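J.: Below you will find the structure I want to go over with you.
The values are calculated or read from the model by the stated rules, or taken from the named source; none is laboratory data. Because the structure is predicted, anything quoted here is derived from the model rather than measured. FYI the Cβ positions are ideal-geometry reconstructions off the backbone, even for glycines, and counts take in every protein chain you see. All accessible areas refer to the heavy atoms of the entire protein, side chains included, with ligands and DNA or RNA removed. Shrake-Rupley method; radii C 1.70, N 1.55, O 1.52, S 1.80 Å.
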Amino acid sequence: VDEENSFNEMLDNLKFLHSIVTTHQTSLRKIALKERPVTRDNFFNVKSLFTLRDLFDSRVHLGHHIGCWNAANKKYLYGIRNNMHIIDIASTEQHLWRALNVASLTAYSGGSVLFVNTRPGYGHIIQRAASSCGERFWTETKLLGKYEELDLTWFDKGKPDLVICSSVNNPICQKLLLHCNKYLVPSIGILDSDVDPTNLTYVIPGNDDSSQSILFYKAVVSTQSTGTFFEGNLP
């Protein structure tokens, strides 16, 4: 019995020491960030994560039919082919770099990220992305009436430092993004040609409903959000 008690006491001490070390590491990161402010576009080396070819091969450039576009996104479009809008992947590249820098800064500062996608069939991708980063996800797929209130008590109890949404046009996501604006939580969203960008803080022009594009976003964003990629590559 005495040996068992000693062993349990040792485990408790180790857990306590681990919590102290983790807290200290987070504090050191925040201090280092203040001493070395982000002054360059590629501070976190995000430009090495993908190429224009990667964007093209992932079908990020494929928009929707010209009849269902959002005029606010005109500046992100390259042209029209077979009555479909083509998204300018040069614009996608610039905006994705900026979004990845935001995600990297959040992770580097010890902040939390909430991954969101409410489109049926893509929840497992988002869940894997969030789990690989040790972050939370939200893949609610229930139908919601136009004037029906969305229960976000879970959000208010533990507000994230950043929300990344890949199904922006869904009514549930629109209500969530409005809530983010209310509580000054920044958001990153995939902006397909038909998406309303009003409630987004940072946009990534690109296809939001093909498995190839969603898997691509998942790969690059989760890499940066873990903090593992840039940990040994900071200047």
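J.: Is it the case that the stretch 117-124 has a residue that's modelled with pLDDT under 90, under 18 Å from residue 216 (Cα atoms) and among the charged types (D, E, K, R)?
T.: Checked the stretch 117-124: at least one residue is modelled with pLDDT under 90, under 18 Å from residue 216 (Cα atoms) and among the charged types (D, E, K, R).
J.: For the stretch 46-91, name all the residues that are out of contact with any helix residue (DSSP H, G or I) (no Cβ under 9 Å at 6 or more places or on another chain), within 14 Å of residue 206 (Cβ to Cβ) and assigned to a helix (DSSP H, G or I).
T.: Result: 73, single match.
J.: Separate question: Is it true that residue 102 is in contact (Cβ under 8 Å) with a residue 12 or more places away in the chain, in contact with a strand residue (DSSP E or B) (Cβ under 9 Å, 6 or more places away or on another chain), among the hydrophobic types (A, V, I, L, M, F, W, C) and part of a loop (DSSP other than H, G, I, E, B)?
T.: It is false that residue 102 is in contact (Cβ under 8 Å) with a residue 12 or more places away in the chain, in contact with a strand residue (DSSP E or B) (Cβ under 9 Å, 6 or more places away or on another chain), among the hydrophobic types (A, V, I, L, M, F, W, C) and part of a loop (DSSP other than H, G, I, E, B).
J.: Quickly run through the stretch 169-191 and pick out the residues that are part of a helix (DSSP H, G or I), open to solvent by less than 20 Å² (accessible area, probe 1.4 Å) and touching a Leu at 6+ places or on another chain (Cβ under 6 Å).
T.: 172
J.: Name every residue in the stretch 95-124 that is open to solvent by less than 10 Å² (accessible area, probe 1.4 Å) and more than 12 Å from the chain's Cα centre (by Cα), in order of residue number.
T.: Within the stretch 95-124, 118 is the sole residue that qualifies.
J.: A further question on this structure: Quickly run through the stretch 140-168 and pick out the residues that are at pLDDT 90 or above, open to solvent by less than 60 Å² (accessible area, probe 1.4 Å) and in a loop (DSSP other than H, G, I, E, B).
T.: 160, 166, 167, 168
J.: Can you name every residue in the stretch 70-94 that is open to solvent by 40 Å² or more (accessible area, probe 1.4 Å) and touching a Leu at 6+ places or on another chain (Cβ under 8 Å)?
T.: 84, 88, 90
J.: Let me ask something additional. Among all residue pairs at least 6 apart or on different chains, which show Cβ distances below 6 Å where the first residue, located in the stretch 62-76, is closer than 11 Å to residue 197 by Cβ and the second is of a type in the set (S, T, N, Q) and surrounded by fewer than 17 Cβ atoms within 10 Å (Cβ to Cβ)?
T.: From the stretch 62-76, no pairs qualify.
J.: I'm checking my understanding of the structure. Among residues of the stretch 192-209 that are surrounded by fewer than 21 Cβ atoms within 10 Å (Cβ to Cβ) and among the β-branched types (Val, Ile, Thr), which one is farthest from residue 180 (Cα to Cα)?
T.: Step by step, filter the stretch 192-209, then rank; the result is 198.
J.: Hey, does the stretch 211-232 have a residue that's assigned to a loop (DSSP other than H, G, I, E, B), at pLDDT 90 or above, buried (at least 20 other Cβ atoms within 10 Å of the Cβ) and under 17 Å from the mean Cα position of the chain (by Cα)?
T.: No: zero hits.
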